[in-house]
Amino acid sequence: MNSYAGIFLFILSLLLFGVIVGGFAFSIIKTRNKKVRYLIGTHIGKRAIQQDSISILEPLDGNKVDCIALLSDGMSRLNYGEYASRYVVSQMSKKLLEMKDICKDIEALKKEVYSISYNLFQESLQKGPMGATLIICLIKKGYLYWLSVGDSRIFMLRNNELIQLNETHDYFNFLLEKVMAEETTKAEAVFDAQCQNITSYMGQKVLNQIDYNLQPYKLKKYDKLFICTDGITKSLSKEDIKSVLNNTESNNVVGSIIEKVINYNLPDQDNMSTVLIEYLGE
């Protein structure tokens, strides 16, 4: 068995458990690498099935990669969202394992992302329209590398300040560009019926957009990365998330975030999933 497989399969079974009980699944992952710590949580919300998938890869091959985390959110308005997210996570994980030096060859990584999106599109011709978001976060030698497609988010907490690292691929961002060009108003953009539509997602024949950091991001000890699906960010503001991260003991952060969303009791609450990565290196 591949040295990554144990953790990878555990995370997939964690999500499946969440589906079976229709509730909250949570885990603290103890890794061999003492520079990082993961906390993972997922909840089915008020949906019939869980369509989020997560994978944590812990390299053992001596290539100095501290961790790789993947998250994908299946698109509920299309068919087979749960299949799409698991396909994206499993196929992307396999490709990451095959790459010799991901950090030095971002073009090769992008090529694999385009390929997996196209392959999922080909499957959709048989099964029906489907799609999913994708987040990849990789830490190597204290530097963060990330890539995203869709509207799942990557936040970083440093010195009590929370910043969003990636740009979401939704129609609202397109509308904001029109606001800047004075072609529409912010109010019109906010209330536009299509503002939350995803403009780039895994499963498109040709991906419209991929977001990634052009330069590796130097991490500091105790930085926290908070990766989540839009089931969380459609309910909680950036300030809500920041408040929980700053005022909650680390082991309770994921549970507190999900509990806060549940307490809003939205009638059509989406699946919600998150990975909290604490960087403990120098």
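List of remarks:
- Condition check for ASP151: touching a His at 6+ places or on another chain (Cβ under 9 Å) and under 22 Å from ASN197 (Cα atoms): yes
- Selection count, the stretch 240-272, where residues are out of contact with any Gly (no Cβ under 7 Å at 6 or more places or on another chain), closer than 22 Å to GLN51 by Cα and of a type outside the set (A, V, I, L, M): 8
- One residue from GLU183, GLU167, GLU177 being at pLDDT 80 or above and either surrounded by fewer than 16 Cβ atoms within 10 Å (Cβ to Cβ) or under 22 Å from TYR80 (Cα atoms) (or both): GLU167
To keep it simple, each residue is scored yes or no on (1) over 24 Å from SER273 (Cβ atoms); (2) among the hydroxyl-bearing types (Ser, Thr, Tyr); (3) modelled with pLDDT of 95 or more; (4) surrounded by fewer than 23 Cβ atoms within 10 Å (Cβ to Cβ).
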site: GLY62; (1), (2), (3), (4): yes, no, no, yes
site: ASP73; (1), (2), (3), (4): no, no, yes, no
site: SER76; (1), (2), (3), (4): no, yes, no, yes
site: LEU97; (1), (2), (3), (4): no, no, no, yes
site: SER152; (1), (2), (3), (4): no, yes, yes, no
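- Take the conditions (1) over 15 Å from the mean Cα position of the chain (by Cα); (2) assigned to a helix (DSSP H, G or I); (3) crowded, with 21+ Cβ neighbours inside 10 Å; MET92 misses just one of them, which is (1).
- ALA108 passes every criterion in (1) without any contact (Cβ under 8 Å) to a residue 24 or more places away in the chain; (2) in contact with a Gly (Cβ under 9 Å, 6 or more places away or on another chain) apart from (2).
- Note on the stretch 209-248: residues that are closer than 30 Å to GLN122 by Cβ, under 14 Å from the mean Cα position of the chain (by Cα) and not in a strand (DSSP E or B) amount to 4.
- Matching residues in the stretch 258-282 - criterion: being under 26 Å from LEU78 (Cβ atoms) and in contact with a strand residue (DSSP E or B) (Cβ under 9 Å, 6 or more places away or on another chain): ILE258, VAL261, ILE262, GLN269, ASP270, ASN271, MET272, SER273, THR274, VAL275
- Cβ pairs under 6 Å, 6+ apart, first in the stretch 130-157 and touching a residue at least 24 places away in the same chain (Cβ under 8 Å) and basic (Lys, Arg), second surrounded by 24 or more Cβ atoms within 10 Å (Cβ to Cβ) and part of a strand (DSSP E or B): ARG153/CYS228
- From the list ASN263, ASN271, the lone residue that is exposed (fewer than 14 other Cβ atoms within 10 Å of the Cβ) and modelled with pLDDT of 90 or more is ASN263.
- VAL206, sole failed condition from (1) assigned to a loop (DSSP other than H, G, I, E, B); (2) modelled with pLDDT of 95 or more: (2)
- Any hit, the stretch 118-134, residues being out of contact with any Leu (no Cβ under 8 Å at 6 or more places or on another chain) and at pLDDT below 90: no
- Condition broken by GLU107, with the remaining ones in (1) touching a Lys or Arg at 6+ places or on another chain (Cβ under 7 Å); (2) at pLDDT below 90; (3) assigned to a helix (DSSP H, G or I); (4) under 25 Å from LYS205 (Cβ atoms) satisfied: (1)
The values are calculated or read from the model by the stated rules, or taken from the named source; none is laboratory data. Everything quoted here is computed from the prediction, not taken from an experiment. Every residue, glycine as well, gets a Cβ built from its backbone with ideal geometry; the counts of neighbours run over all protein chains shown.
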